[in-house]
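All remarks here apply to the structure that follows.
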Amino acid sequence: MGRFVPFDTAPKVERAILVGVDCGKSDWSLEESMDELERLTQTDGAEVFMRLTQKLDSPIPKTFIGKGKTEELVSLVRNTSTDVVIFDDELTPSQQSNLEKLLGEPVKVIDRTALILDIFGIHARTKEGRLQVQLAQLQYVLPRLRGMWSHLVGEQTRGGIGSRFGQGESQLEVDRRLIRKRISTLKNELKQLGQRREVQSKSRWNSGTFSVSLVGYTNAGKSTLLNQLTGADVYAKDELFATLDPTTRALSLDEGRKIVLTDTVGFIQKLPTNLIESFKSTLVEAQEADLLLLVADATDKNLSKEIAVVRSILKDIEADKSDQILVLNKVDLLSEQELQMLKALYPDAVFISAQEGTGINGLLHKIQEIASAGDKVVSALIPFNKGALVKSVHERCQLLHEQYVAEGLLLSVKADTYMQALLEPYVVSEDDILTDE
C-alpha cells in the first residue's frame, strides 16, 4: 500500500486577469483606476498576474471590449491558469453572459461592482451590515438570472406537449419571484433598523449632543482615527473597506462638552449606485451630523481626486450641508518638503497621524471651536428643586461662576444652544450675580 498523501486544505489563491477600457471620460487615468482595481482584487484574496487594457470611444455593446481584444483575452485564458477575469467597469448582463460563453467554464467573469460586493460580504459584521450587503448583491444578481437558465429556456422552442410551461422559464420565474420576495423582506428589515437608528439619532439631537461623522475615501484611516480619539477598539487594517459597519463612540472635550463620533463606510470611485442605495440607513449618520471630518490619505498620489470623489458622493446623498474639516492623515510617512507642499495646497486642513497621535490635539481644538461656535455666556438662578437641570449644567456647560444663595444656585456658564433653551426660564442679569457677591 502506497504512502498516504494528505489533501491540501489551504484555500487556493485565485489568479486574475484585469481588463480596463479608457473612454476618456473620467478624471482618473486608466492606469490609476487599474491600480485601484488591483488593490481591490488583492483585498478579496486573489492574485493579479496580468492586465489587459484598450482605448475606445465607448464600450462595445456585445463584449465591452473590441473583437481583437476579446480574441486576445480568450487566448490568454486558454493558455494560462486563469480563474477569474475582472472588468474595471460594470458589465451589462448580456455582456457578462457573452464573455462567459467565449471564455468557457470554469473561468468566472465579474466586474468592479461584483468585486466590491464580494469584499463587502466578507467584511460585514453587524446584522445591519450583512442585510445591506445581501440586498445589494440580490439587486445585482436579479437582472443576470436569465443566463443561468438559458440551457433550459431553449427547450421551449421545440414545441409539443407542455411546451407552454417551459421548464427553464418556469424555473427562471420561480427564482425571480424568490429573489424579489427576499429583496422586499430585506428592505422592510432595513427600514425597521433605519427607524431605530433615526430614533437614536433623534434622541441624541434632542439631548443636544454635538455629533461628528468621519467620512472619507476607503483606507484613509478613519477607524484608526476613531480609536485614537476615543480609545475604542474598532477593527482597523491597511486594506480597502476594512470597516463597513458604523461605530459610534462618546468623547469629552477639554472644556467638558460631550460629543459623539461615528465612523462610516469608506467611499471609492465608481461606487455602485445600488450600494449607495442599500447603505442609505448607514449614511444617515453622515447626513445628520453637525460636523463632518473628511479624512484623506496625505500620502496617496490621487489625494485631490479622492477628496473630489468623497465630496461628490456627499453631495449625492445630501450630506454636504454640515460643517466640514479636511483631515489629512498619515503625515508621519511624508518628508518635510512633501508636508510643506500639502500645507500650501490645503491651508485650511488639519494634518495628523492617527497611528502616531501627531496633530490630534490640534484637531480636537478645531472640533471644539466649531462645536462651541453658538455658545453664549448665560447667567441663571436655578431653584433647589431642579436638581436634574443642575446636573446637566455641570455635565454640559463650562462653569464660570457658581454661588449658593437663598433662592437656589446662582451661576454663570458658557452654554450651547440646547442648554441656553433649558436655562432660559431661569436667566438673570450678570448684575444680579455681581450684586450678590
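Step by step: first the residues of region 103-130, then only those that are within 18 Å of Leu186 (Cα to Cα), in contact with a Lys or Arg (Cβ under 9 Å, 6 or more places away or on another chain) and part of a helix (DSSP H, G or I), then the one that is most open to solvent (accessible area, probe 1.4 Å). Which residue is that?
So, considering only residues that are within 18 Å of Leu186 (Cα to Cα), in contact with a Lys or Arg (Cβ under 9 Å, 6 or more places away or on another chain) and part of a helix (DSSP H, G or I), the one most open to solvent (accessible area, probe 1.4 Å) is Gly121.
Condition check: within 18 Å of Leu271 (Cα to Cα), under 32 Å from the mean Cα position of the chain (by Cα), open to solvent by less than 30 Å² (accessible area, probe 1.4 Å) and at pLDDT 95 or above. Does Ile65 satisfy that?
So Ile65 does not fit the description; no.
Let me confirm something: among Asp83, Asp111, Asp118, which residue is of a type in the set (Asp, Glu) and over 26 Å from Glu277 (Cβ atoms)? Spell out the reasoning first.
Working: Asp111 fails: over 26 Å from Glu277 (Cβ atoms); Asp118 fails: over 26 Å from Glu277 (Cβ atoms).
Checking each option against the conditions leaves just Asp83.
Which residues, taken from region 75-105, are of a type outside the set (S, T, N, Q) and either modelled with pLDDT under 90 or closer than 13 Å to Gln137 by Cα (or both)? Break it down stepwise before answering.
Kept after step one, since they are of a type outside the set (S, T, N, Q), are these residues of region 75-105: 76-78, 83-91, 93, 99-105.
Scanning region 75-105 gives a single hit, Glu105.
Just checking, does region 174-182 include any residue being open to solvent by 50 Å² or more (accessible area, probe 1.4 Å), more than 30 Å from the chain's Cα centre (by Cα) and at pLDDT 80 or above?
yes
Check Gln337, Gln355, Gln368 and return the single one that is open to solvent by 80 Å² or more (accessible area, probe 1.4 Å) and either small (Gly, Ala, Ser) or in contact (Cβ under 8 Å) with a residue 40 or more places away in the chain (or both).
From the options Gln337, Gln355, Gln368, the qualifying one is Gln355.
Test of understanding: among Ala344, Ala289, which residue is in a loop (DSSP other than H, G, I, E, B) and among the small types (Gly, Ala, Ser)?
On the way: Ala344 fails: in a loop (DSSP other than H, G, I, E, B).
Criteria check complete, one pass: Ala289.
How many residues, within region 131-146, are of a type in the set (A, V, I, L, M, F, W, C) and either open to solvent by 20 Å² or more (accessible area, probe 1.4 Å) or over 19 Å from the mean Cα position of the chain (by Cα) (or both)?
Within region 131-146, the subset of a type in the set (A, V, I, L, M, F, W, C) is 131, 133, 135-136, 138, 141-142, 145.
Subsequent filtering for residues that are either open to solvent by 20 Å² or more (accessible area, probe 1.4 Å) or over 19 Å from the mean Cα position of the chain (by Cα) (or both) retains 138, 141-142, 145.
The number of residues fulfilling the criteria is 4.
Going by the structure shown, is Leu226 closer than 22 Å to Gly359 by Cβ, out of contact with any helix residue (DSSP H, G or I) (no Cβ under 6 Å at 6 or more places or on another chain), open to solvent by less than 40 Å² (accessible area, probe 1.4 Å) and modelled with pLDDT of 85 or more?
Details: closer than 22 Å to Gly359 by Cβ: yes; out of contact with any helix residue (DSSP H, G or I) (no Cβ under 6 Å at 6 or more places or on another chain): yes; open to solvent by less than 40 Å² (accessible area, probe 1.4 Å): yes; modelled with pLDDT of 85 or more: yes.
Taking the combined requirement at face value, the residue satisfies it.
Could we say that Thr299 is hydroxyl-bearing (Ser, Thr, Tyr) and either buried (at least 17 other Cβ atoms within 10 Å of the Cβ) or at pLDDT 95 or above (or both) here?
Working: hydroxyl-bearing (Ser, Thr, Tyr): yes; either buried (at least 17 other Cβ atoms within 10 Å of the Cβ) or at pLDDT 95 or above (or both): yes.
Criteria met by Thr299.
Kindly provide the set of residues from region 371-393 that are free of Cβ contacts under 8 Å to residues at least 12 places away in the same chain and over 24 Å from Leu226 (Cα atoms), ordered by number.
Asn385, Gly387, Ala388, Lys391
The values are calculated or read from the model by the stated rules, or taken from the named source; none is laboratory data. Because the structure is a prediction, the values reported are computed rather than measured. With ideal geometry, Cβ positions are generated from the backbone for all residues, glycine too; neighbour counts draw on all protein chains shown. Surface accessibility is based on the protein's heavy atoms, side chains included, excluding ligands, DNA and RNA. Shrake-Rupley method; radii C 1.70, N 1.55, O 1.52, S 1.80 Å.
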